[in-house]
1. If we count other beta carbons within 10 Å of each Cβ, what is the order of TYR270, TYR329, fewest first?
2. Radius of gyration and Dmax for region 2-229's Cα atoms, expressed in Å?
3. Just to be sure I understand: with springs between alpha-carbon atoms less than 10 Å apart, which residue in LEU169, LEU188, LEU118 has the highest mean-square fluctuation in the Gaussian network model of the chain?
4. Within the set LYS280/LYS380; LYS314/LYS391; LYS280/LYS391; LYS265/LYS370, which residue pairs have Cα atoms separated by over 32 Å?
5. Quick check: from the Cα gyration tensor, does region 141-209 come out rounded (a/c under 1.5), prolate or oblate?
6. Taking 0.36 nm per residue of sequence separation and subtracting the Cα-Cα distance, how much length would be gained by fully extending the chain between MET331 and LYS380, in nm to one decimal?
7. Can you tell me the FRET efficiency between GLN324 and VAL133 if r is taken as the Cβ-Cβ distance and R0 is 56 Å, rounded to the nearest 0.05?
8. Taking θ = phi - 60°, what integer Hz values does the Karplus form 6.51 cos²θ - 1.76 cosθ + 1.60 yield along region 40-52, in sequence order, with x for Gly and Pro?
Amino acid sequence: MVIKALFIPVALVVLSYLAHVEYLFQFGAWNRALEWLPQVSLLLAIGLAAQYNQIRVIIACLLGLAMLPELDYWLAHVPVEGQLLKVTKLLTISTAVILALCLPNKSLRHWLGWLIMLVGISPLVINYFGWQVFPSQLVKLLSFLVEARLPEPFFSYPVLAVCLLVILLSLLACWRYNQAQEGVFISLLCAGWLSSQLVGNQQLVALCFLSVAICAIIFVAQYAYRLAYYDELTGLPSRRALNQYASSLGRNYIVVMSDVDHFKKFNDTYGHDVGDQVLKLVASRLNQVGQGGRVFRYGGEEFTLVFKGHKQTKVVAELERLRQSIAEYDMVVRDKTRASQSKKNRKTSAQSSKQVVNVTISLGYCVSNKSYGSFDACLKIADEALYRAKKAGRNCVSD
């Protein structure tokens, strides 16, 4: 996720630059389209992000719109020019990005979502009125920030440090939330920096912010795909992904149905939170499957594994290895009241509140055969084999 969040924005900005410089500038129609394409694309990205409650992506696209030369009214009262104007624009956007990364994701269907969005773009408003109220103080501040000069593209050490901080915080957010949407801020920063170096080249500036819109659309589309095809709790592909994968299988495959033994009793005894931890544990162990197998969460406490090809002996050995690795894992269950205890009480009662339990799974498999017909029929036979494994005493593999 972190690599994707860094690579996609930078690649899009670079490709936009090369596309204009090397080839697309030859077409007059392309240049005319660039007069409206960035605005339309950014508005489209905002609409898509709103559908999936991606308030940070919305803020990034609004900031992108505000940085377009024809819409940067928030810079109307800035009394400086040249490098100081570029630094003002870059620092204001960087401040807005840092602020947006600190804000939670909320739906625009709730008033709090609208408030968060307004707070996210508030640095532009503060900049607009700040230059009218404190012009001399802000000029002194900017002059101080650019004293430690660097070669032209990088302005100064403080400005470069702020930009690097924005990139670092964006990558940390991607790692923290295990998603790449916050990478759109990196694209926005790259576009803002590159556009500050290309003042007067309207086509290339437009391409920079068009890349921000494309980046936002890509990340929202990836988020929508994960919602549709991945299980949120375990991170495994969902049943819908299994059905899609089944359509790409050939004639030879092995289907395995797996189920957590006594899961309902375990859930009732230790609570649903611990039950979720059990599912995560089983999912993480099953996800280490070898022999080219793929694991899916079928539903509830059931998991499905699919192996391409007829390698029954090796597959059964792999299933036994997975079953044993789960059965031998000691899972620590803590006291339910631990969350409400103070740190001191937690330390004193740590040993007494711990309880080690073991989880087991049963597995049933089916080797595809012409007589079985479809994948669903083979899946049903694997489910019957799972039932036989349960009847045989659980914690075993059956065919």
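1. Neighbour counts put them in this order, fewest first: TYR329, TYR270.
2. Spelled out, the Cα radius of gyration and Dmax of region 2-229 are 17.2, 55 Å.
3. Taking springs between Cα atoms under 10 Å, the residue moving most is LEU118.
4. Working: LYS280/LYS380 25 Å; LYS314/LYS391 24 Å; LYS280/LYS391 25 Å; LYS265/LYS370 39 Å.
Too far apart for the 32 Å limit: LYS265/LYS370.
5. Here region 141-209 falls in the oblate category.
6. Details: separation 49, 0.36 × 49 = 17.64 nm, distance 3.15 nm.
Additional length available on full extension: 14.5 nm.
7. Values: r = 71 Å, r/R0 = 1.26.
The formula returns an efficiency of 0.20 here.
8. Per-residue couplings from phi come out as 5, 5, 5, 5, 5, 5, 4, x, 5, 5, 5, 5, 10 Hz.
Every number here is computed from the coordinates shown, using simple stated rules; none is lab data. Computed from a prediction, not measured in an experiment: that's the story for all the values here. Positions of Cβ are backbone-derived with ideal geometry, glycine not excepted, and every protein chain shown enters the neighbour counts.
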